[in-house]
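Below: one structure, written as C-alpha cells.
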Amino acid sequence: MASTTVGSGLSIRPLPLPSQIIAEGRSAIVLRWILSRSLTLSIMMFAHEADVSGDVVYYARSLHQMFSGGTLRDTLQEYPLPVLGLLLPQFLLGLLNQVAFTVLFVVSMLAVDAIFTMFLWRGDGLRRGDATNIWLWFVPAIGPLAYFRFDLVPAMLAGGAVLVAVRRPALAGGLTAVGAAIKLWPAVMMPAFLIRRADRRQVLTGFLATGLSLALLSLVIGGVDRIVSPLKWQSARGLQIESIAATPLMAARAIAHHTWTLGISRYKAWEIFGPGVSGMVAFSTACTAAGAGLLVALWWRAHKVPGATAETLGWVFLATALIVTVTNKTLSPQYLLWLGGPIAALAVRAPGNHEVRSFGRALLITALLTQIVYPIGYQGLTHTGFLLPLWTLVLIVRNLLMLWLTWFAIRQVWTQTRRDVASRNAG
C-alpha cells in the first residue's frame, strides 16, 4: 500500500483495510490452531494417555465383526444407527484395518475441529476474541480424548445451532436433528430454540424435516428394535463412577475402599457397586424428574419474552445441557464436549460479555480436571492404591465445579429473561 508524504518529508502509512486485518488474523489463527492441536495430541505421549483410544478400537472391532458375518442391526446398538454414517467411511477408506481406521478417525475429528474453529473465527469478526480463544484453549484442556470420541461432532452441531439460531432458525432445527440422530442428547435442546416465537415454525420445519428423514432411513435399515436400542441401553445402565450421584459413595470409598467395588459393566462403563448404590440411582432419577420440571420453568420464563435475544437463547441451551448432565446417573468425560461448542458460540453472540468469560474460564478448569481424572488418574481412581484419596478429591472438585456451572447458567437465564422483560417494558 502506498504511503503519503507531508511537508517535512515525514511518511505516513495508511491504516490497513479490514480485509488486511482479517488476512493477518487468519495466518495467526491457523498457527495457533496447529500449535494447540499439536500440543493436544502430544499429551498422549508425555502423559501416558494411550487409553483414550479404547473407544476407537471398539468401533473398529464392532465394524469388523459386522463385515465378518454380523448384521447392521446388531452393530453398536448403544448408539443411534446414523452413527455408522460417521464411522463407515473411515473404516472402508482404511480397507477395514484397525490402525488405518484409528488414524483416519482422528484426522476426521481434526477436520471437524478445524471447520468449527473457522466458523468461530469468522463469527468473531474483527474482534478476534473470546469465542476463538475459548475453543482453542478448551480442546487442549479436555485433552486427546476430544479426537478419540465422535462426541466432537454433536458438540460442533450444537455450537453451530447456537450460532445460526437467530438468523437461520430452520438451519438450527436441522443441525439439532442431526445431532440427536448421532447422540440422543441434542433432542433435549429443541425447546431452547423454540423460545423465540417468530422463529418456531422455521425451527420445527428444519428439525422435523431432517429428523423424520433420518428416522425413516433408520427404520428401513434397522427396524423398530434398532431405533429404540440406544434408549434401552441407556436406561439399563448402572451408577457410573464419575456421575454427580455417585460422588458421595466415591468419597466414602476413598476412606473405606473395601465396602464398595468398582467394575466395568456390560455397558462398557466403570460403575460402582455396594451399599447405597440403589438409593443413589433412585436419587438420580428423582433429580432427573426435578431437573425436567426446572427446565420447563426456565423454558416457559424465556418463552414469555417475545423477542428473546441470542444471548438468552445461548444461556438456556447451556442450562439445559448442564441440568441433563448433572442429574443423570451416567457421566463420561466426553460429555464436557457438549458444553465447549455452545459456550464458544455464545461468545460470538455476546462479545466481551463478562459472564460468558467467567463461565468459559470455569469450564476450562473443569475440562482440565476432567482430563486429570480421565485418563491421567483413572488407574488410581478405579483401584485402591495410596493415591486413591487424591484422585477422588480431584473428581469431587470437578463435580462441584459442574454443579457451580449449572447454577451459574440457570442464574444467567433468570437474569437475562428479567432484562429482556425490563427492556420490552421500557420500550
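The values are calculated or read from the model by the stated rules, or taken from the named source; none is laboratory data. Here the structure is a predicted model, which is why all the values come from computation and not from measurement. Reconstructed Cβ throughout: ideal geometry from the backbone, glycine too, with neighbour counts over all protein chains shown. Side chains are part of the model used for accessible areas, which takes the heavy atoms of the whole protein and leaves out ligands, DNA and RNA. Shrake-Rupley method; radii C 1.70, N 1.55, O 1.52, S 1.80 Å.
Scan segment 332-347 and tell me whether some residue there is over 15 Å from the mean Cα position of the chain (by Cα) and open to solvent by less than 30 Å² (accessible area, probe 1.4 Å). Checking segment 332-347: at least one residue is over 15 Å from the mean Cα position of the chain (by Cα) and open to solvent by less than 30 Å² (accessible area, probe 1.4 Å).
Check segment 302-315 and report whether any residue there is β-branched (Val, Ile, Thr), closer than 20 Å to ARG197 by Cα, modelled with pLDDT under 95 and surrounded by 23 or more Cβ atoms within 10 Å (Cβ to Cβ). Among the residues of segment 302-315, at least one is β-branched (Val, Ile, Thr), closer than 20 Å to ARG197 by Cα, modelled with pLDDT under 95 and surrounded by 23 or more Cβ atoms within 10 Å (Cβ to Cβ), which makes the answer yes.
Matching residues to (1) within 24 Å of the chain's Cα centre (by Cα); (2) surrounded by fewer than 16 Cβ atoms within 10 Å (Cβ to Cβ):
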site	(1), (2)
ALA254	no, no
HIS257	no, no
THR261	no, yes
ALA269	yes, no
PRO275	no, yes
GLY279	no, yes
PHE283	no, no
CYS287	yes, no
GLY291	yes, no
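The set of residues from segment 321-357 being among the polar types (S, T, N, Q), assigned to a helix (DSSP H, G or I) and at pLDDT 95 or above comprises just one member, THR325.
Note on segment 146-187: residues that are part of a helix (DSSP H, G or I), within 21 Å of MET45 (Cα to Cα) and either polar (S, T, N, Q) or over 12 Å from the mean Cα position of the chain (by Cα) (or both) total 1. Looking only at residues in segment 58-72 that are farther than 13 Å from THR102 by Cα and of a type in the set (A, V, I, L, M), the one that is least open to solvent (accessible area, probe 1.4 Å) is MET66.
For segment 286-311, a residue qualifies if it is under 21 Å from ALA161 (Cα atoms) and assigned to a loop (DSSP other than H, G, I, E, B), and the qualifying residues are VAL305, PRO306, GLY307, ALA308, THR309.
For every residue, the table says whether it meets (1) out of contact with any Lys or Arg (no Cβ under 9 Å at 6 or more places or on another chain); (2) of a type in the set (Asp, Glu); (3) within 22 Å of GLY206 (Cβ to Cβ).
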position	(1), (2), (3)
ASP130	no, yes, no
ILE134	no, no, no
PHE138	yes, no, no
LEU145	yes, no, no
ALA161	yes, no, yes
PRO169	no, no, yes
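Here is a yes/no grid of residues against (1) assigned to a helix (DSSP H, G or I); (2) closer than 22 Å to THR176 by Cα; (3) not aromatic (Phe, Trp, Tyr):
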position: THR210; (1), (2), (3): yes, yes, yes
position: LEU217; (1), (2), (3): yes, yes, yes
position: SER229; (1), (2), (3): yes, yes, yes
position: GLN234; (1), (2), (3): yes, yes, yes
position: GLY238; (1), (2), (3): no, no, yes
position: ILE244; (1), (2), (3): no, no, yes
position: MET250; (1), (2), (3): yes, no, yes
position: HIS257; (1), (2), (3): no, no, yes
position: VAL281; (1), (2), (3): yes, no, yes
